[in-house]
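First up is the structure itself, then whatever we jot down about it.
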Amino acid sequence: MPYFLDGNNLMGKRDPSSEDRDALVRELAERLRQTRASAVLFFDGGARRQSTLGRLSIRDGFSSSADDDILASIARARSAREVTVVTSDAALARRARDAGASVLGPANFFGRVGTPGSASEKDAAKIDVDDWERYFSDERNRDP
């Protein structure tokens, strides 16, 4: 069951800095590595780009808003019932439920999916360095 994450909403910011986005990406990638879960992180605006970091896919600026991208992705999903949207945005939550997806608040999501900074040395050895190198070698994933 994939999670569709409302990125700006998870950070509680309308216009987050690239450092805010990078910090969220790092935390989510670490948490997902500790589980079998997968997620797609949607951001509002920005350059149109998509990248993958382990079990985390990042989508940025594919339409006017992350909300629109999330709803379009629910519509394209094999089964909307298999999708869980993570947001505290009441309007998006209602629209996602109307489209057949489940909705989970950010606190519940973070309570279910891994723990921050808990990667042990043994877990650290499992980190896919190639994924990180591919992500950060892409010029679009760097600060201008």
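Counting just the residues of the stretch 69-107 that are among the polar types (S, T, N, Q) and not in a strand (DSSP E or B), which one comes out surrounded by the most Cβ atoms within 10 Å (Cβ to Cβ)?
Out of the qualifying residues, it is T87.
Checking the structure you have, find out if any residue of the stretch 1-11 is free of Cβ contacts under 8 Å to residues at least 40 places away in the same chain and in a loop (DSSP other than H, G, I, E, B).
No, the stretch 1-11 contains no residue that is free of Cβ contacts under 8 Å to residues at least 40 places away in the same chain and in a loop (DSSP other than H, G, I, E, B).
Can you find even one residue in the stretch 21-29 that is among the hydrophobic types (A, V, I, L, M, F, W, C), over 13 Å from the mean Cα position of the chain (by Cα) and modelled with pLDDT of 90 or more?
no
Give me the residue from the stretch 40-57 that is without any contact (Cβ under 8 Å) to a residue 60 or more places away in the chain and within 19 Å of V113 (Cα to Cα) and, out of that set, surrounded by the most Cβ atoms within 10 Å (Cβ to Cβ).
F42
Applying the selection to the stretch 34-68, what residues are over 12 Å from the mean Cα position of the chain (by Cα) and at pLDDT 90 or above?
D67, D68, listed by residue number.
Given V86, V103, which one is at pLDDT 95 or above, hydrophobic (A, V, I, L, M, F, W, C) and more than 18 Å from E27 (Cα to Cα)?
Selected residue: V103, the only one of V86, V103 that is at pLDDT 95 or above, hydrophobic (A, V, I, L, M, F, W, C) and more than 18 Å from E27 (Cα to Cα).
I'd like the full set of residues that are of a type in the set (S, T, N, Q), touching a residue at least 24 places away in the same chain (Cβ under 8 Å) and either loosely packed, with under 11 Cβ neighbours inside 10 Å or not in a loop (DSSP other than H, G, I, E, B) (or both), limited to the stretch 108-117.
none
So E121 passes all but one of these: (1) among the acidic types (D, E); (2) exposed (fewer than 11 other Cβ atoms within 10 Å of the Cβ); (3) modelled with pLDDT of 80 or more. Which condition number does it fail?
(3)
The values are calculated or read from the model by the stated rules, or taken from the named source; none is laboratory data. Note that the structure is a prediction, hence the values are computed from the model and not measured. Counting neighbours? That spans all protein chains shown, and the Cβs are built from the backbone with ideal geometry, glycine included.
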